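Structure, as structure tokens:
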2 protein chains.
Amino acid sequence: MEIQSFLKPIIRRNDKKIIFLIADGLGGLPGEGRKTELEAADTPNLDRIAGLGTTGLFHPVAPGITPGSGPGHLGLFGYDPVEHDIGRGVLSALGLDFNLRKGDVAARGNFCTVDENGLVTDRRAGRIPTEKGAELCAKLLRISLEGVELFVEPEKEHRFLLVIRGPGLGHEVEDTDPQITGVKPLPARPREDGSARTARIVQVFTERAGEILRDESPANMVLLRGFDTLPEIPSMEERYGLHACGIAAYPMYRGISRLLGMAVKNVGAEPAELVEALRSEWENYDFFFCHFKKTDSSGEDGDFDAKVRALEAFDRIVPGILELGPDVFVVTGDHSTPCFLKSHSWHPVPVLLFSPTCRPDDVQTFGERACTHGGFGQMPMTNLIILALAHAGRLAKYGA
Amino acid sequence: MEIQSFLKPIIRRNDKKIIFLIADGLGGLPGEGRKTELEAADTPNLDRIAGLGTTGLFHPVAPGITPGSGPGHLGLFGYDPVEHDIGRGVLSALGLDFNLRKGDVAARGNFCTVDENGLVTDRRAGRIPTEKGAELCAKLLRISLEGVELFVEPEKEHRFLLVIRGPGLGHEVEDTDPQITGVKPLPARPREDGSARTARIVQVFTERAGEILRDESPANMVLLRGFDTLPEIPSMEERYGLHACGIAAYPMYRGISRLLGMAVKNVGAEPAELVEALRSEWENYDFFFCHFKKTDSSGEDGDFDAKVRALEAFDRIVPGILELGPDVFVVTGDHSTPCFLKSHSWHPVPVLLFSPTCRPDDVQTFGERACTHGGFGQMPMTNLIILALAHAGRLAKYGA
């Protein structure tokens, strides 16, 4: 992202405080009655702030591109999600609150089913229960390989995290997951010389896993993909001079916060806990990322009424947050999750920014259609943090 | 700017005339009554043209970035302000109408105060009166160094311009201004070998200046910063095939015009003089940049009523300009200068383009909120000249 090259010299520090209140999967599509979830929800607090602030529609990655959680959040914090690619393995580690260290190689694993000839018949082993997955992970911990430490952590159902720790590892290893059935798991091939030893380690791990799981059913083999190491990402402090704190109930979002050098604060799923955490940390940081999950999960479930209720619960925490007196208050999402699609989508996300230096627009409610007429128009999500810094008086004039 | 790479082959010349009427610091923020300066001003002529033309909001550098005068104007003429960085010294020279030549090294100077140990106690020497600054500059002219010619030109108060002219100079010299008090002026260090001799010249100049000013009070030393030479910028003629003329009352804007290869025309501060100058040069050029200053200076003063009056005076010159029959008439600013902030700001600038090939939009008044709904939407300012060229029939079809 070109803007970063000239941002550094104009960054200023002050005591102004910025809040990013993020409703995961905020944007939606109409249900019956031609209203989106956000338009159907009763959100008097957000509507009032929309009337005072500036609104718009922002694109997390690019128009038409549906972001995963990683890219969606990177964009929020101004990190170009295309430039900063976070591998599946690292995201898994972040999502488990696994304390990944520099140089660790992480991969996403699947328990799968192979037939008597070793051909994959089910890439997900019939989605075995999470408890079963945990039990199998414990068995795989028996594998010990010279010179490296291995971690096998269960995720949901058939999914697990593999982490290889040791000196001189490389992450340029091809997936062993063939992505189709009827073939054998692929051999672990290095994409460059520096990853040759790591590929051999992965290959031996896979073979030993096959031996250990031989008599299991249906999960009698493993597939691995998305080998990666912690990316080199400048922290929010280095990049923006922001002393930042991420507040989230789900490990994935604490993980992303940690990746960007934020302090992290663990909270429960109850929305009011976000406000409580914010209040208790208010004096300690100048940037707060508050993550609200329920809007996304109800969207993924395709439950329109549940998403409407989640949005209404989200709206109710706004007054408590405003009482703290943030200098810049931003409300948006990391992507859209329309109930109609039961998944993340590419639709741009409503954004609302409120500060004394806001140029008001004609928008009086916070919704997708209303924000089409907002003062920000439509722009890439990576601009949002720059705008927040500007409104916080944290950017000096560019050039004389 | 990427677009330039394919622009050259499609540039066409014809007899169509383009006017850029620029109100410096045009954009604003609401005062009491929630109207911006431009929304509060009575501007019947601009409103009428807004109703006939196409409008929008343009970003001078990038969303959230506050431009200085240099970057703001470069963007207007389609020169990417990040790619074309103009140093402080060169801008000072432009602002004084100093005829800087290729290879001259220019720096912004401050008279400052140092104590008996040579430590800086006031970087601006108590902002000495402009007359005093001029007197001290005359004294510094006594300094003579072998092989180079020196120019010391007073600016406002404690500020001056230093120009070093001679063969084989380099501008990669670090500032001697430490930007803080309590320390000595920094030695002039070269950033590369080709600037080593220049750095020595600067060092000797600084030492001699200290001797000459020793008994002065409070201005007994000099600080220098922003060493630079005239940048290599293709002219408007080379780049767009435009025979261009800049009309401005302030030297800075004539200087920027000259930098881009425009002819320059000096006028008085009275708005009607812009129209007079335009009329007298009408047959001689095909692109006119007319600069109106008062909107920016009243914004910097934070005087809402004065900015409203400046905008109304600006509006009154529009009919006289339209009488000349420009083929493309553009009205905008180089950046926003809201009275609320008393400074330049990052807010996008209203743009109005009027020509027979305009696609009309629903906008009927010229104001920030109205332009949010304009036919151009929001875009980078560097697009504006391309749009003007298109409407002037000066761009051929791209590709077969």
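Among A:248-257, A:206-215, what's the highest-first ranking by average C-beta atoms within 10 angstrom per residue? Don't jump to the answer; show the numbers that get you there.
Working: A:248-257: 22.7, A:206-215: 15.4.
For the peptides A:248-257, A:206-215, the packing ranking is A:248-257, A:206-215.
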Given the candidates A:Gly302, B:Leu223, A:Gly375, the one whose Cα lies deepest towards the positive end of the charge dipole of the protein assembly as shown, counting +1 at each Lys or Arg C-beta and -1 at each Asp or Glu C-beta, is B:Leu223
So for region A:283-400, averaging the separation of alpha carbon pairs under 8 Å that are six or more residues apart and normalising by length, what relative contact order in percent results? 20
Averaged over B:68-76, how many beta carbons belonging to a partner chain fall within 10 Å of each residue's beta carbon? 2
What does the structure give for B:55-63 when I average, per residue, the other chain Cβ atoms found within 10 Å of the residue Cβ? 4
For A:Ser345, B:Ser5, B:Ser69, what ranking results if the residue with the fewest other Cβ atoms within 10 Å of its Cβ goes first? B:Ser5, A:Ser345, B:Ser69
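Stokes-Einstein at 10 °C, 1.306 mPa s, Kirkwood radius from Cα pairs: D for region A:91-228 in µm² s⁻¹?
On the way: Rh = 14.7 Å.
The calculation lands on 108 µm²/s.
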What does the charge dipole of the protein assembly as shown about its Cα centre add up to, to the nearest 20 debye, if the Cβ of each Lys and Arg holds +1 and the Cβ of each Asp and Glu holds -1? 900
With the charge dipole of the protein assembly as shown built from beta-carbon charges (+1 for Lys and Arg, -1 for Asp and Glu) about the Cα centre, the Cα from A:Ser336, A:Gln364, A:Gly51 projecting farthest to the positive end belongs to A:Ser336
Explain nothing, just compute: Karplus ³J(HN,Hα) = 6.51 cos²θ - 1.76 cosθ + 1.60, θ = phi - 60°, for every residue of region A:369-377 in order, whole Hz, x for Gly and Pro. 5, 4, 5, 4, 9, x, x, 8, x
MRE, 222 nm, helices only [DSSP H, n ≥ 4, -39500 (n - 2.57), over chain A, to nearest 500]: -8500 deg cm²/dmol
Just for the Cα atoms in chain A, what are the lengths along the principal axes, largest first, rounded to whole Å? 67, 52, 37
Got a sec? Charge dipole of the protein assembly as shown, +1 on Cβ for Lys and Arg, -1 for Asp and Glu; which of A:Trp282, A:Phe160, B:Thr130 is way out at the positive end? B:Thr130
Given contacts defined as C-alpha pairs under 8 Å and at least six residues apart, what's the relative contact order of region A:91-228, whole-number percent? 32
How big is the gap, in Å, between the Cα center of region A:331-400 and the Cα center of region B:201-255? 40
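With the contact rule set at Cα under 8 Å and sequence spacing of 6 or more, what percent relative contact order holds for region A:223-286?
Numbers: 69 pairs, mean separation 18.9, N = 64.
That works out to 29 percent.
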For peptide A:381-387, the mean count of other chain Cβ atoms within 10 Å per residue Cβ is 3
Could you run the Karplus curve 6.51 cos²θ - 1.76 cosθ + 1.60 with θ = phi - 60° over region A:146-152 and give me ³J(HN,Hα) per residue in whole Hz, x for Gly and Pro? 5, x, 9, 9, 10, 10, 10
Could you let me know the centre-to-centre spacing of region B:67-143 and region B:150-168, using Cα atoms, in angstrom? 8
Which FRET efficiency, nearest 0.05, do B:Glu135 and B:Ile10 yield, Cβ-Cβ r, R0 51 Å? 0.40
Could you tell me the calculated FRET efficiency between A:Glu32 and A:Ser343, based on Cβ-Cβ distance and R0 = 22 angstrom, to the nearest 0.05? 0.65
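Quick check on chain A: of the DSSP beta bridges with both residues there, what percent are antiparallel, nearest 5%?
Details: 32 of 55 bridges.
Approximately 60 percent, going by the DSSP bridge assignments.
If you average 1/r over every pair of different alpha-carbon atoms in region A:278-400 and take one over that average, what Kirkwood value in Å do you get? Present the calculation step by step, with values, prior to reporting the outcome.
Numbers: mean 1/r = 0.0618 Å⁻¹.
In region A:278-400 this quantity evaluates to 16.2 Å.
Values quoted throughout were computed directly from the atomic coordinates according to the rules given, and no laboratory measurement underlies them. Owing to the predicted nature of the structure, the values given are computational and were not obtained by experimental measurement. All Cβ positions, glycine included, derive from the backbone under ideal geometry; neighbour counts span all protein chains shown.
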